[in-house]
Structures are given as C-alpha cells and as structure tokens.
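Asker: Have a look at the structure that comes next, please.
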Amino acid sequence: MGEKNARVRGRFAPTPSGRMHLGNVFSALIAWLSARSAGGEVMLRIEDLDPRARSHERADALMADLEWLGLTWDDGPYYQSERGAFYAEALARLAAAGLTFPCFCTRAELHAASAPHASDGTPVYPGTCRRLSADEVRRRSQVRPPATRLRVPDAADPAGTIEFCDLAYGPQREVLADECGDFLVRRSDGVVAYQLAVVVDDALMGVNQVVRGRDLLGSCARQTYLAGLLGWYAPTYGHVPLLVAPDGRRLSKREKDLDLGSLRERGVAPERIIGTLAAAVGLAEPGDGASATELIGSFAWETIATHPQDIVVDEDFLAGLCKKL
Ligand code: GLU
C-alpha cells in the first residue's frame, strides 16, 4: 500500500464546514496539477468526521465548486463518516500493541499546564495519564470518558525523530516528543482524531502524494509515525503557502466575500480564480486568466518552492481577481 514508485495518486480532502474559500481552492489546484502533470490521478474524500462538519448539502456544494473550477477527480467521493470500521480496526491494532493509553485530561487542564505548544497550537502533552494504574483508569472512567493517546518515543530515542523532504519546503526534521508528545488518536466524545483517520484513509485509498496548506506541515511527523506503526508507507508531502489578509491573519471560512458562493454570484470566472492563484506562485503570468488544464504542462514544484511565502490577499489581488476576462 502507498508504494513509493507507483503512479501518483493524489487527493482532495476537504472538510465540509462551509463553502470553499480561496485557500481551499489553491490547495486543491496544486494537488490537482501535481497529480495530473505526472500523469497521475486524484481521489476525493469528504472529511466529515466531526459530527458538526457533517452536511450533505455542503459536501455537494464543495463538489459542484470543484467541478465548476475544472478540478476533476477520478475516484470518490468517500465520506469519512462512513468509514468508522476502518478507524476502529486501526485503533484496536495500536491498543493490542500496547501503544495507546486512556487520557482523562481536559483541554483546559492541558493548556493550563503551561507546557510548550506544538506548531498547530496544541500543548505538548506533559505525560499526565501515561502511567495510570488499571484501578485508577476504572475509577476515573466513572467520572468522565477518556480520550485515547498514542505513546511517542522519548526525545533521545531515534525512532521518534521523523525526517522527510517536502516538495515545496524541502528537508524537514521533527522530534515527536518535542513537537507534540503523546498525541490524540481518539477524542473523549468517541470521535476519531484527524491524525489517525487521515493516515488510515490515505493508506487504504492508495494515496501516495498529499498536497495541502502549510498549516499542516507540522502534522507530517505524527502521520508518518502512525503510518509506520500500522505497517504502511507514508505518502510524499507537498505543502503550499496559505492565503492571508494584509495583516497576516489567515483567510478563513469567515471571509464570506471570498468564498466561492460569493465569487460565483459576482460573476467571477473560474479562469480568473485559477489564473490569479497560479500567478501568485509563479505558475502563470499575472493578469492572465487560465484554466487548470492549461497549466498542467508548465507545472513544477520547483516554481512553488521559489515562492514559499504566504499569499497576501490585498487590494491588488482582489482587483486582479475581479477583472473581467
Ligand atoms: N480536511 C482538512 C482540511 O480541509 C485537510 C486534511 C489534509 O489534507 O490532510 O483542512
């Protein structure tokens, strides 16, 4: 599964928490170009693990937007909400190997423990519940249901140091014990953690190339480590710059005027969106519209690697986006 030299199989993995925004479009565009330019394929997985993100209407709108943009897929959609049995099997394997433990810490307690924080803002786990006795676990389980964490090797153990080369950001090295510590694989409300689901899905779906926003670069070590424990190859990773407001704040689904619903209503053409985003990383001439298909021939990760800085959505960017073709 996930063989390194196989044909590229990339993926779109959107969370249907709202309409697609420009940042999502950018990640999807690069994932698509990377796979297509290598003669590979793309699969679509709707990441609706969290019950709050579960909505068939929003998933349908996402798919309609991808199609409108010309970002086609070859396989799927798969819905994470329907894949619980695969995640349960992986969790059972990790538990049988003695690699997981129940954790009763609340988020507030962990934040208050003033431990250093990982790149995604979660506190590095201080090991609080690592060595609870069976009695203690039983007693505490009566008060609140535990989450499940995966034990990571101590900082001095080379097994806990993960190295890989990102297609855009180059060589990376992370020590799990310092980056995050023992991390969540299942939340206390029973929902499987993103880190576990994504590893199980990418492996079982034969995904060998993962392209996404650079906010997830810090998750690669956890995902690579988990894949190894479960007997799978980790995919190749390519992260892309984020889209940010002029004050450096990350664009989010809250910026309604930059979501695809609003852009489509305002009559912005798909070629304008694709061309503007591609130009921001040197893949197209500024000011030109472009279809995704037109960009396949000139796509190169080296070009993105020379534009690693986040894309500032300022007045100029918006003027370019809204200019008529
Ligand atoms: N579902 C995540 C998102 O929409 C992406 C996860 C991933 O690409 O690994 O941000």
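Asker: Which count do you get for residues in region 162-197 that are farther than 24 Å from residue 105 by Cα and not in a strand (DSSP E or B)?
Answerer: Final tally of qualifying residues: 3.
Asker: Please indicate, with yes or no, whether at least one residue in region 65-81 is under 21 Å from residue 222 (Cα atoms) and modelled with pLDDT of 95 or more.
Answerer: The answer is yes, given that some residue of region 65-81 is under 21 Å from residue 222 (Cα atoms) and modelled with pLDDT of 95 or more.
Asker: Okay, next question. Consider region 166-183. How many of its residues are surrounded by 22 or more Cβ atoms within 10 Å (Cβ to Cβ) and hydrophobic (A, V, I, L, M, F, W, C)?
Answerer: 4
Asker: While we're looking at this one, here's another question. Please determine, by comparing only the residues of region 1-60 that are more than 10 Å from the ligand (Cβ to nearest atom) and part of a strand (DSSP E or B), which one is farthest from residue 229 (Cα to Cα).
Answerer: 21
Asker: OK, next. Filter region 12-52 for residues that are among the charged types (D, E, K, R) and touching a Pro at 6+ places or on another chain (Cβ under 9 Å) and give the result.
Answerer: The answer is 45, 47, 48.
Asker: Sticking with this one: State which residue pairs qualify: first residue over 16 Å from residue 153 (Cα atoms) and inside region 204-231, second residue assigned to a helix (DSSP H, G or I) and near the ligand (Cβ under 10 Å from one of its atoms) in any location, beta carbons under 7 Å apart, and separation of 6 or more residues or different chains.
Answerer: These pairs meet every condition: 210/202; 211/27; 211/31; 212/27; 213/23; 213/27; 219/195.
Asker: Across region 210-228, which residue is surrounded by the fewest Cβ atoms within 10 Å (Cβ to Cβ) among those that are within 11 Å of the ligand (Cβ to nearest atom) and either more than 13 Å from the chain's Cα centre (by Cα) or not in a helix (DSSP H, G or I) (or both)?
Answerer: Top of the filtered list is 213.
Asker: For region 32-51, what are the residues that are over 14 Å from the mean Cα position of the chain (by Cα), at pLDDT 95 or above and not hydroxyl-bearing (Ser, Thr, Tyr)?
Answerer: Matches in region 32-51: 32, 33, 35, 36, 38, 39, 40, 41, 42, 43.
Asker: Looking at region 198-209, which of the residues that are β-branched (Val, Ile, Thr) and not in a loop (DSSP other than H, G, I, E, B) is nearest to the ligand (Cβ to nearest atom)?
Answerer: Among those that are β-branched (Val, Ile, Thr) and not in a loop (DSSP other than H, G, I, E, B), it is 198.
Asker: Can you give me the ranges of the helices (runs of 4 or more DSSP H) entirely in region 66-154 with at least 2 residues that are of a type in the set (A, V, I, L, M, F, W, C) and in contact (Cβ under 8 Å) with a residue 12 or more places away in the chain?
Answerer: 84-96
Asker: Can you find a residue in region 94-115 that is among the small types (Gly, Ala, Ser) and within 19 Å of the chain's Cα centre (by Cα)?
Answerer: The answer is no, given that none of the residues of region 94-115 is among the small types (Gly, Ala, Ser) and within 19 Å of the chain's Cα centre (by Cα).
Per-residue answers, yes or no, for (1) surrounded by fewer than 19 Cβ atoms within 10 Å (Cβ to Cβ); (2) of a type in the set (A, V, I, L, M):
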site	(1), (2)
40	yes, no
45	no, no
55	yes, no
62	no, yes
72	yes, no
76	yes, no
81	yes, no
84	yes, no
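Asker: To continue, here is another question. Looking only at region 153-175, count every residue that is within 29 Å of residue 305 (Cα to Cα) and among the charged types (D, E, K, R) and tell me the total.
Answerer: Of the residues in that region, 4 qualify.
Asker: Identify all residues within region 229-258 that are among the polar types (S, T, N, Q) and crowded, with 16+ Cβ neighbours inside 10 Å; write none if there are none.
Answerer: 236
Asker: Still on this structure: Just to check your reading of the model, which residue among 261, 297 is assigned to a helix (DSSP H, G or I), in contact (Cβ under 8 Å) with a residue 60 or more places away in the chain and exposed (fewer than 14 other Cβ atoms within 10 Å of the Cβ)?
Answerer: The unique qualifying residue is 297.
Asker: Output the number of residues of region 269-325 satisfying the condition of being among the basic types (Lys, Arg) and modelled with pLDDT under 95.
Answerer: Residues flagged as among the basic types (Lys, Arg) and modelled with pLDDT under 95 within region 269-325 amount to 2.
Asker: Still on this structure, please answer the following. Could you check region 234-257 and list, in sequence order, the residues that are away from the ligand (no atom under 16 Å from the Cβ) and either of a type in the set (A, V, I, L, M, F, W, C) or under 26 Å from residue 185 (Cα atoms) (or both)?
Answerer: 245, the sole residue that qualifies.
Asker: Looking at (1) closer than 25 Å to residue 52 by Cα; (2) more than 13 Å from the ligand (Cβ to nearest atom), which is the one condition that is false for residue 169?
Answerer: Among (1) closer than 25 Å to residue 52 by Cα; (2) more than 13 Å from the ligand (Cβ to nearest atom), the lone unmet condition for residue 169 is (1).
The values are calculated or read from the model by the stated rules, or taken from the named source; none is laboratory data. All figures in this text were calculated on a predicted structure; none of them were measured in a lab. For neighbour counting, all protein chains shown are included, and Cβ atoms are generated from backbone atoms with ideal geometry for every residue, glycine included.
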